[in-house]
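See structure below.
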Amino acid sequence: MSATLASLVCAVGVLGLFYLDRDKSLRTSKALWIPVLWILIDGSRPVSMWLGMDPTTPSASQLTAGSPIDRQVLAILIGTGIIVLLFRGGQVTTLLRKNWPIILYFSYCLLSLLWSDFAAVGFKRWIKAIGDLVMVCIVVTDAQPVNALRRIITRTGFILLPASVLLIKYYGDLGRSYDRWSGEVSNTGVTYNKNLLGVLTFVLTLGALWFVLRTIRDKNHPNRVRHLVALGTLLAFGILLLTMAHSATSGVCFTLGALLIVVTSIERFEKQPRAIHWFVLTVLIIGGFTVLVASDSVAHAVGRQTNLTGRTEIWQSVIPLVPNRIVGAGFDSFWLGARLETMWRLYPSLYLNEAHNGYIEVYLNLGAVGVFLIVLLLLGGYLNAVNSFRYEEAFGANSLLLAYIFTAAFYNITEAGFREMDVIWTFLVLAIVAANQFSKVRAKNGTSEVEKLSALQSRRSHTLPSNDLAPWLNR
């Protein structure tokens, strides 16, 4: 099959998936297209790279300056997103107040620019980080948050996963990369790195798995068969791409997340947080024991060297360069200037700009204080996600939220994912905020918070004048 014909088949197939998954009963906001566009960029390549305006070989000055066109595109999305949230003012204020650990973390990131050597660069990156939070708030404050989450995953998945297979199979100059020294081929798909393809795929595939299981259990779901065909196809594309990406970390994370979703979907676990705690603890003990006792065998089994493909050497080199152990170098400021040049001299072929460990990466930029805040976010998000199992009917996505939090904590052992414009970070923040929002005890009158938010959204859409922008944003 020629590349042109394959592209046509792919385009028709993508449109077919959207058609099969259509559901007029879903009343989500059209504003959801803003976070969809954000994740399409977040999970693939910067706009400048798609336009061929990014240099093939990175330079220190280019990393510092960034791309003007990327800044403009992201600024438009963030600005539009903020306008949407202004029309949802009361909901957003309540949401942010309940998620004070998130606000504390982002506030500390901003404060850390006071001691950064590159405060201006750090501030621009902090604005991008705020963009992740804006997109999360748009999803969670939607009148139908579960359906909003579904549409975020399916819309991005239907586009990015088939496109990745197309690029790998028929457009090798775009979908594959070659090691400059060994010539080894890596499949990158719509991303520019096999690890990025791996994390994008495992995040979206976990969502597809959860929606497939949910649709199977819902015997009364209208048009159940065609929805299963669309979601099953997305799941199949995800599993195929996980094997093509050869990203060991993402493969393990998907396996752990899928196991967590399947087990916690069993009726015995529903509304029993204690059982979930024991299951997660068992997984951690078995995993930790296996690594300690048979680390060499485990490393080779998942495609790693015993030094985690050179990662431990990088960690030993980079940790002594941190300027302050307590507060770090300042938000997203470590990999700039003299420190970046030092690491590039030590590893001339890698062009490193991350520590390949999320916790160490946070330590380098935000010090021990930042690591404490990240652990606080993970622990709080985990407890809220588990607590939400008491109220299955209130949100219904508790298994998926728990899987995202658990796998993000694991993923960051060998990859730096606690950073802005990283798809695993976006979905982690989404899971933490959503779990906190909908794990609260029901109001005394028996109405859940989701029901109250939906009622409020419905009233606002009917009472505002027709020439106002809000009805369009909330339809």
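Bear in mind these aren't lab numbers, they're just calculated from the coordinates by the rules spelled out. What you are looking at is a predicted structure, and each value in this text was computed from that prediction instead of being measured. When we count neighbours, we look across all protein chains shown, and the Cβ atoms used for this are built from the backbone with ideal geometry, even at glycine.
Quick notes
- When peptides 6-17, 368-379, 137-148, 121-132 are ranked by their average number of other Cβ atoms within 10 Å per residue, the highest-first order is 137-148, 121-132, 368-379, 6-17.
- Label-zone membership for the range 404-429, site Phe279, 7 angstrom Cα→C-beta point, backbone N under 17 Å: 404-408
- For the pair the range 115-166 / the range 9-46, the C-alpha centres are spaced 14 Å from each other.
- Each Cα pair under 8 Å and six or more residues apart adds its separation to the average, and for the range 347-436 the resulting relative contact order is 39 percent.
- With θ taken as phi - 60° and the Karplus curve 6.51 cos²θ - 1.76 cosθ + 1.60 applied, the whole-hertz 3J(HN,Hα) list for the range 27-35 is 10, 7, 6, 5, 5, 4, 5, 5, x Hz, x standing for glycine and proline.
- Each principal axis of the range 69-168 carries a Cα extent, and these read 45, 38, 22 Å when sorted largest first.
- For the range 320-368, the alpha carbon convex hull comes to 64 Å³ per residue, rounded to a whole number.
- Nearest-0.05 FRET efficiency for Lys24 and Trp100, computed from C-beta distance (R0 45 Å): 0.75
- Förster-model FRET efficiency, 56 Å R0, Leu350 and Leu5, C-beta, rounded to 0.05: 0.90
- Pairs beyond 26 Å (Cα-Cα), from Lys24/Lys128; Lys30/Lys169; Lys169/Lys194; Lys98/Lys128; Lys30/Lys128: Lys24/Lys128; Lys30/Lys169
- The loop-placed trypsin sites (Lys or Arg not before Pro) in the range 132-187, going by DSSP, that have at most 14 neighbouring Cβ atoms within 10 Å of their Cβ come out as Arg180.
- Paramagnetic label zone (point 7 Å from Cα along Cα-to-C-beta, Gln316; backbone N under 13 Å) in the range 336-352: none
- Residue (of Tyr171, Ile216, Ala129) at the positive-pole extreme of the range 128-220, dipole from beta-carbon charges: Ile216
- Pairwise FRET efficiency - Val12 versus Ala75, Cβ, R0 = 60 Å, nearest 0.05: 0.95
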